[in-house]
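Heads up, the thing below is written out as structure tokens.
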Amino acid sequence: MAWFMGIDIGSGTSKGVITKDGESIAVEILASGINYNEVALKLREKLTAKARLDPKEIAYAIATGHGSKNVSFCQEQVSDIRCCARGINRIYPSARTIVDIQGQSSQVISIDEKGHVINHAASEKCATGSGRFFNILANVLQLELADIGSLSLTSNKPIYLNTGCAVFCESEVVTRVSEGVPVEDILAGAVKVFAEKMGALINRVGMRKQCAISGGGTLNPGIVKALEQKLKTQLLVPQQPQLVTALGAACLAEEKWQ
Amino acid sequence: MTDMFFAGLDLGSTMTKVVIIDNNEKIWASEITHTGAAHRRLANKVMEKALEKAGLSFNSLALVIATGYGRMSVPFADKQISELSCHARGVVHFLPTVRLAIDIGGQDAKGLKIKDGKLEDFVMNDKCAAGTGRFLEILSNFIGIGLNELGPISMKATDKCSCNNVCTVFAQQEIISHLSDGIPIEDIVAGLHEAIAMRTVRMVRRIGIEPDICFTGGVAKNCGIVKAFEESLGFPVFVPENPLLSGAIGAALLGKEIVMNNGEKDVTIKRPDRHLEAVSFFK
């Protein structure tokens, strides 16, 4: 009997998964805050409580993500690229391309049938290529982040935004609001800008079917639809896309131990 | 010959500039006002102020040229000329031997390659706030230091801190993390200036870097950026006395040249129905 743990410390939220025989038996999501080790310890506490385990019973733990190097109790750190690839492979063995949309960056990963990384491209230099873009939009339009996606889906006349810069977009959005353009049309336009960015990133890696998505940004159904239109294919969408990387870390921990 | 007067109006995203010159290229008046939301429609007021300073009436202007981002919506202009042509002309007026002109305005950055006083090639960034005046505006606001103080503060830097994030949004977070690491603000500001300079240098490298180099636009008023440019370009950088006016002066000079060249052909370009009226976007 052995249990494994994956801890994914992101810029906004931190995620943890405990697995047993490759199945996840406990999951937890917390805000990252400013002390990454503290949030990791809290994740471990909550996860082991949910699984009715003692932390000592975790055979192997892997930390990944933006703040993984601050985590004190894991045996190993692994890049989020490998963990994400492994996580998607566990959920969707047929996936060959992954679009991973995180709070401060996004990446496209090309994988083989075993979940090994073949190629990879990241957008981390520009806020428009990350979930941050939607935080900015939510803020300027005074909407809840969670509502943006579904609201954008109600538009049948997306506007064309002239810019791919989050800062300039903010000004343009204010202008459009003052012109009386419905907010759903503005959002649908912004989602298209984002999908264009992702399309360019996917082209750098090369699109191989099937394509899966992961990361918190994926919770926005507007993005999923816009990407499906852009890529002209149906995407594999996990039920809990934010947990994919933590799950992958736990799976890698299990393989490591065996 | 009696004096003739020419006006150039540069309606930028952030500032509206007007220059009035005579046929000897002497500047009679110049005016710079925030474009803002209201003034975007009131370019005529800026023109009125300049005319008042020069002691001239609107009708005495032989030709009014509009340039800049909002040039198409100036109803009282006789002609519109692209800002690239106007900037090139203005820069050559400031520095006749110029080969590379860098102009960083409120929302864009341009590089102009000039040969024998003529525009040969250009590069431009108007797609991303990083490397434009907007970047500095947002960051100065964010750290609570006036835009005009950034340059002098950065001059005090002893150990310039490198800023890796080009994105305006991410740069704000980077500033927080540098500040929490105890890095002095002057070292951070100097690092931000260097980041803008490096980004611009990478852009203008596409058209070639050759002296003499002239730097204009609002951002040229920041001595820290000028210094960062000189370090990364490896050449001295000339900044005219009023770097914001290059587009408006260039427009006025091009206006003068049009009238002078047409004088022999006896063609009227001045619109007979020209009135000094407010800008309208909804015609």
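Reachable aspartates and glutamates from A:Lys197, Cα under 14 Å, same-chain residues fewer than 8 places away excluded?
In chain and number order, the partners are A:Asp100, A:Glu124, A:Glu228.
Amide H of A:Gly131: which non-local residues (sequence gap of 5 or more, or other chain) have their own amide H closer than 5 Å, using H built in the peptide plane?
A:Gln102, A:Gly103, A:Gln104, A:Ser105
If you fit an axis through the alpha-carbon atoms of helix A:36-50 and take the longest principal axis of the Cα set of chain A, what angle between them do you get, 0 to 90°, nearest 10?
That works out to roughly 70 degrees.
What is the average number of partner chain Cβ atoms found within 10 Å of a Cβ in B:169-177? Please report the intermediate quantities before stating the final value.
On the way: counts 13, 9, 1, 1, 4, 0, 0, 0, 0.
Rounded to a whole number, the mean comes out at 3.
Hey, what did chain B get for relative contact order, percent, Cα under 8 Å, at least 6 apart? List each step's numbers first, then the result.
On the way: 581 pairs, mean separation 74.2, N = 283.
Computed over chain B, the figure is 26 percent.
Determine the dipole magnitude for chain B: charges of +1 sit on the beta-carbon of Lys and Arg, -1 on that of Asp and Glu, nothing else is charged, the reference point is the Cα centre, and the result goes in debye to the nearest 20. Working shown, then result.
Working: 31 positive and 33 negative charges, 141 e Å.
It comes to approximately 680 debye.
Give me B:Met155, B:Met203 ranked fewest to most by other Cβ atoms within 10 Å of their Cβ, as a rough exposure proxy.
Details: B:Met155 14, B:Met203 17.
Ranked by crowding around the Cβ, least crowded first: B:Met155, B:Met203.
Fewest first, what order do B:Glu52, B:Glu137 take by the number of other Cβ atoms within 10 Å? Before the final figure, lay out each step's value.
Numbers: B:Glu52 12, B:Glu137 19.
With the fewest neighbours first, B:Glu52, B:Glu137 line up as B:Glu52, B:Glu137.
Hey, can you grab everything whose amide H is under 5 Å from the amide H of B:Thr216? Only 5+ residues off in sequence or another chain; H modelled, so Pro and N-termini drop out.
B:Ile102, B:Asp103, B:Ile104
Count, for each residue of A:163-173, the Cβ atoms from other chains sitting within 10 Å of its Cβ, then give me the mean as a whole number.
5
Please compute the net charge surrounding A:Thr245, taking Lys and Arg as +1 and Asp and Glu as -1 over other residues with Cβ under 13 Å from its Cβ.
Details: positive: A:Lys15, A:Arg82, A:Arg86, A:Arg90; negative: A:Asp8, A:Asp80, A:Asp100.
Computed value for this residue: +1.
With a sphere of radius 14 Å drawn around the Cβ of B:Glu83, what net charge do the other residues whose Cβ falls strictly inside it have (Lys, Arg +1; Asp, Glu -1)?
Working: positive: B:Lys17, B:Arg71, B:Lys79, B:Arg89, B:Lys110; negative: B:Asp10, B:Asp103, B:Asp108, B:Asp126.
Summing Lys and Arg as +1 and Asp and Glu as -1 gives +1.
For chain A, with a Gaussian network of springs between Cα atoms less than 10 Å apart, report the residue from A:Val181, A:Val173, A:Val117 with the top mean-square fluctuation.
Among A:Val181, A:Val173, A:Val117, the largest GNM mean-square fluctuation belongs to A:Val181.
Where both residues lie in the range A:93-237, what percent of DSSP beta bridges are antiparallel, nearest 5? Walk me through the numbers before you get to the answer.
On the way: 11 of 16 bridges.
Close to 70 percent.
Would you please classify the overall shape of the range A:90-153 from the alpha carbon gyration tensor, given that a ≥ b ≥ c denote the square roots of the eigenvalues, rounded means a/c under 1.5, and beyond that prolate means a/b larger than b/c while oblate covers the rest?
Values: a/c = 4.25, a/b = 1.98, b/c = 2.14.
Oblate, because a/c is 1.5 or more while a/b does not exceed b/c.
Are there trypsin sites (Lys or Arg not before Pro) in the range A:1-105 that DSSP marks as loop and that have at most 16 other Cβ atoms within 10 Å, and which are they? Numbers along the way, then the final one.
Numbers: sites: A:Lys15, A:Lys20, A:Lys42, A:Arg44, A:Lys46, A:Lys50, A:Arg52, A:Lys56, A:Lys69, A:Arg82, A:Arg86, A:Arg90, A:Arg96; in loops: A:Arg52, A:Arg96.
Taking the range A:1-105 and a limit of 16 other Cβ atoms within 10 Å, the loop trypsin sites (Lys or Arg not before Pro) found are A:Arg52.
Before anything else, pin down the relative contact order of the range B:1-133: Cα pairs under 8 Å, at least 6 apart, normalised by residue count, whole percent. Mind showing how you got there, number by number?
Working: 249 pairs, mean separation 25.0, N = 133.
19 percent.
When you look at the Cβ of every residue in B:127-140, what mean number of other chain Cβ atoms sits within 10 Å?
3
Run a plain Debye calculation on the protein assembly as shown (Cα atoms as equal point scatterers, no solvent) and give log10 I(q)/I(0) at q = 0.12 Å⁻¹, rounded to two decimals, same order as the q list.
For the protein assembly as shown at q = 0.12 Å⁻¹, log10 I(q)/I(0) is -1.13.
With θ set to phi - 60° and the Karplus curve 6.51 cos²θ - 1.76 cosθ + 1.60, what are the ³J(HN,Hα) couplings of the range A:153-160 in order, to the nearest whole Hz, using x for Gly and Pro?
5, 7, 7, 10, 9, x, 7, 9
Taking the Cα atoms only, what angle lies between the long axis of helix B:223-233 and the longest principal axis of chain B, rounded to 10 degrees?
Approximately 80 degrees, to the nearest 10.
Helix B:185-204 against the longest principal axis of chain B: what's the angle in degrees, Cα atoms only, rounded to the nearest 10?
Result, in degrees: 60.
Counting other beta carbons within 10 Å of each Cβ, put B:Phe5, B:Phe142 in order, fewest first. Intermediate results must be reported in sequence, preceding the final value.
Details: B:Phe5 22, B:Phe142 13.
Fewest to most other Cβ atoms nearby, the residues stand as B:Phe142, B:Phe5.
Cα atoms only, the range A:93-237: Rg and Dmax in Å?
Using the Cα atoms of the range A:93-237, the pair Rg, Dmax is 15.0, 52 Å.
What order, most packed first, do the peptides A:133-143, A:239-249 have when packing is the mean number of other Cβ atoms within 10 Å of each residue? Can you show the working numbers first?
Values: A:133-143: 17.6, A:239-249: 25.7.
Final packing ranking: A:239-249, A:133-143.
Name the residues whose placed amide hydrogens come within less than 5 Å of the amide hydrogen of A:His120, ignoring near sequence neighbours (fewer than 5 apart) on the same chain.
Excluding prolines and chain starts, which carry no amide H, the hits are A:Ser110.
Looking at chain A, send over the antiparallel percent of its DSSP beta bridges, to the nearest 5. Intermediate values should be presented prior to the final figure.
Working: 25 of 38 bridges.
Just about 65 percent of them are antiparallel.
Rule-based calculations on the coordinates, nothing more; no lab input. Values in this document were obtained by computation on a predicted structure and should not be read as measured data. Positions of Cβ are backbone-derived with ideal geometry, glycine not excepted, and every protein chain shown enters the neighbour counts.
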